[in-house]
Each structure stands twice: as C-alpha cells, then as structure tokens.
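Working notes, beginning with the structure itself.
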C-alpha cells in the first residue's frame, strides 16, 4: 500500500504553514519502517539458522549428510524466495510531500496513492489556537468549517473535485487551529500552536502506525527550526 503524508499550508504566514512544517518535521525526525519489511527480515534471519534433525543425528554416513544438507539448502532458498516476493508485492511505502498551496495541481499526485494523510490548518468556531481535530474526509464534523484562509478553501475544493472524478483514495485529516496573522510575512510559530502541534504529532504517528508502519525517532530537530528552513525544502 502506498501512503502519502501531505503537508498543506502557506509557510510565509506563520502558523498557517503548520501542515508543511509538521510534514517536514516528521520526515527529518522519524524513520518509518514497514511492518511487512520487518517481518521479512525476521523470517529471513530464521531461515538462516542451522537446522537440527533428530533423525540425522543417528545417521553417520557421508551420503546421508550430503542429502540432508541439500534438502536444508533447498528449503532455505525457497523460504527466502517466497519472502522476497511478498516483500515486493506487499510492503507498505510512505512518502512525505510539501503540498504548499498548490490545491488543484495536487490531484495527479493524490490519485497515485492508496491512502492520504493530510496535515493542515482548520477553522472551528469557538476553538482555541492550538486545538487539534482529526477526522476522515468522508465524515467531516459539522463544526469544522475548514475555511479560515484561501489555501484551506482551495484544498477542500480539491478533495471534493477529486471525489467527483471518482479517483479519491481514503483521506484522513489532522488539523490544528492557527493564529491568523493576516498579510504580514513571518516564519515564527505561536507558542500555543507549537504546544498543540505535539498532540498533532502524536496523532499523526498513531495514524501512520495503524497503516502498517513502525515509527522510530532518529533526530530531535525542533518544529520552529524546521519552520525556519521549510522554504529550502527537505530531501
């Protein structure tokens, strides 16, 4: 299964770029390993272990030992071939993409995946900055307006259009309420959003792991540091 983690937002307007920043944060701070891949490695390791044949222990002639050795080799190669085939056919793949404010131009990308996790801002009447909301696109809560800025409206329209075309994969959204700074350019994130982003991070990791991955922390680069450099992109 191919998984897309899509960060949405305008990185020039502070909190409104959180979707992109968190996407990059996960990319640089975590290693995601497919559980299928781990199982393949475990099985491969087991197949390499010496085999003890209780009957063979009582047979001392070289011809019998030879036959047992050939049988063990054949069994080991068969296991390895089978596991490699399953790895090619069944291993999960995950990619992290900065979707910025591209909106409709993301449609050709979105339709190439089996599952999409979107990280973005959301607008919720009465909610506080830093509040986090998680939901499936086909079950958007009534209190989520998702229309606080131009990029939110455009992304919503993009998903609806892709659905009308019949090409929309399952989409799960994790959104956070940002501090809207208007037209003033800034890379700094509000403290309320940074605090709430920790919940957003946990939700994202939990969802990704539910899709068949193991998340391992490899770096500890702060979200603000990532935000300061998001305009450069992250390989």
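The values are calculated or read from the model by the stated rules, or taken from the named source; none is laboratory data. Quick caveat: nothing in here was measured; it's all calculated off a predicted structure. Cβ coordinates were reconstructed from backbone atoms using ideal geometry, including for glycine residues, and neighbour counts include every protein chain displayed.
Within region 224-234, can one find any residue that is over 19 Å from the mean Cα position of the chain (by Cα), part of a loop (DSSP other than H, G, I, E, B) and within 30 Å of residue 1 (Cα to Cα)? Within region 224-234, not a single residue is over 19 Å from the mean Cα position of the chain (by Cα), part of a loop (DSSP other than H, G, I, E, B) and within 30 Å of residue 1 (Cα to Cα).
Quick check on residue 118: is it in the same structural domain as residue 210 (by TED's automatic domain parsing), part of a helix (DSSP H, G or I) and modelled with pLDDT of 50 or more? So residue 118 does not fit the description; no.
Being touching a helix residue (DSSP H, G or I) at 6+ places or on another chain (Cβ under 9 Å) and within 20 Å of residue 207 (Cα to Cα) is the filter; apply it to region 1-18 and report the residue that is surrounded by the fewest Cβ atoms within 10 Å (Cβ to Cβ). Per the criteria, the residue is 1. The residues of region 147-162 that are modelled with pLDDT under 65 and either in contact with a helix residue (DSSP H, G or I) (Cβ under 8 Å, 6 or more places away or on another chain) or loosely packed, with under 15 Cβ neighbours inside 10 Å (or both), listed by number, are 147, 149, 150, 151. Just one of the listed residues (212, 196, 175) is modelled with pLDDT of 90 or more and at positive phi, namely 212. Looking only at region 22-47, residues that are buried (at least 24 other Cβ atoms within 10 Å of the Cβ) and either at pLDDT below 95 or farther than 18 Å from residue 106 by Cα (or both) come to 2 in all. Scanning region 213-223 for residues that are surrounded by fewer than 19 Cβ atoms within 10 Å (Cβ to Cβ) and under 12 Å from the mean Cα position of the chain (by Cα) returns 214, 215.
Pairs are defined by a Cβ separation below 7 Å, a sequence spacing of at least 6 or placement on different chains, a first member in region 94-120 that is more than 13 Å from residue 18 (Cα to Cα), and a second member that is at pLDDT below 95 and assigned to a strand (DSSP E or B); the pairs so defined are 106/99.
Go through 131, 138 for me and flag whichever is over 17 Å from residue 20 (Cα atoms) and out of contact with any helix residue (DSSP H, G or I) (no Cβ under 8 Å at 6 or more places or on another chain). Working first, answer last.
Numbers: 131 fails: out of contact with any helix residue (DSSP H, G or I) (no Cβ under 8 Å at 6 or more places or on another chain).
None of the others qualify; the one that does is 138.
Tell me whether region 100-115 contains one or more residues that are out of contact with any helix residue (DSSP H, G or I) (no Cβ under 7 Å at 6 or more places or on another chain), surrounded by 18 or more Cβ atoms within 10 Å (Cβ to Cβ) and at pLDDT 95 or above. Yes, region 100-115 contains a residue that is out of contact with any helix residue (DSSP H, G or I) (no Cβ under 7 Å at 6 or more places or on another chain), surrounded by 18 or more Cβ atoms within 10 Å (Cβ to Cβ) and at pLDDT 95 or above.
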